1. For the chain, what does -39500 (n - 2.57) per DSSP helix run (n ≥ 4), summed and divided by total residues, give at 222 nm, in deg cm²/dmol to the nearest 500?
2. How do the peptides 224-233, 258-267, 240-249 rank, highest first, by the average count of neighbouring beta carbon atoms within 10 Å per residue?
3. Sorting 312, 127, 168, 85 on the 10 Å Cβ count, fewest up front, what's the list?
4. Order these peptides, 89-99, 272-282, 325-335, by their mean beta-carbon neighbour count within 10 angstrom, highest first.
5. Note the angle between two axes, namely the Cα long axis of helix 363-375 and the longest principal axis of the Cα atoms of the chain, as a number of degrees from 0 to 90, rounded to the nearest 10.
6. Regarding segment 25-135, what are the three Cα extents along the principal axes, ordered largest first, in Å?
7. Quick check: the angle from helix 17-29's long axis to the longest principal axis of the chain, C-alpha only, nearest 10 degrees?
8. Tell me, 308, 322, 394 in order of fewest to most beta-carbon neighbours within 10 Å?
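What follows is calculated from the coordinates using simple rules that are stated; it is not laboratory data. Just so it is clear, the model here is predicted, and its values are computed rather than measured. Don't worry about glycine lacking a Cβ; one is built from the backbone with ideal geometry, like all the others, and counts go over all protein chains shown.
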């Protein structure tokens, strides 16, 4: 039996896109691979193995504050491999699948303890994007600057993150990218051979139900929305990197034109950061917190449009769920999100404005695009139908499974 060992971390990201990705991998491949998930820096007090029907989880405690320095983290990773080494059958074909680029030691340790294994690193995000909000022009200028030019603190950190990522990319056998943007960036700026990179979009199982008017009305009624209300939907972490502050400020223009519009915000994070911008809007802006999938699906069913003004994404599961549910999306032209939305066909682009020291979104233009879709129901319907077709053609779980199996089998 072929073995797939997935490295993950106990973190907020594990509850969002990375967690969804791992769940999809397990569901798609559990009949073809024996799957184990290594959960690093766990809150559990002891090493624990939890066996489930389709896979097993191995929880590695973080040992309180013992992983602050590079040497401590390297020692931690060495202990991880000592723990799992007796539990892995080395006579079977073995793939290590890494979801993070945090610890350099993890790659060479996998080769020391398991010499015949293959190592794969998936790029869920690029670290420098968090520092400069995905400003690719600024990133390129920093990494190509002459050595005699000065860097400020943020620029120094971006450069250090780039060099660290470059080391990681060169340390593994193969790299997964989830967007054409990142695929091209790794080739052009990190100088990684295209033969080492495997490009594969995320996929999700289809749970769509045809959006019949009577059912949509019933769901709205059950959730205490007026049947005549227009629902603008945002789903994601409450974080400025998601552009939520721009969306809230844009909605202030929208509500002046369409009194029945409501902005529904689903996700957790720092509410206080955004609530201060919502004063005076009563129940027009709703913060509903984080939801389980079944409950969230109701909101995809009743929404009129989805809005994603993010400053960086790879292959967003939120965008895929919106397309699956025939929602037109107004999305930024950032990093990997731009290629997910076909401007004028499956939704509308809102340009990211890149400057030498910052990035920005034109809130008045975002408001105009929201108003255009709300005021033109036929266009909204046409783009929603096209979004659904795009999901079927590019983002289904069946397509993802086929590509994954072909790739893994090519490595073994």
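1. -12500 deg cm²/dmol, from helical runs alone.
2. Answer by packing, highest mean first, reads 240-249, 258-267, 224-233.
3. Lowest to highest Cβ neighbour count: 85, 127, 168, 312.
4. 325-335, 89-99, 272-282
5. It is inclined by approximately 60 degrees.
6. Largest to smallest, the principal-axis extents are 42, 31, 27 Å.
7. Relative to the chain, helix 17-29 is tipped by roughly 70 degrees.
8. Details: 308 26, 322 30, 394 16.
Least to most surrounded, the residues fall as 394, 308, 322.
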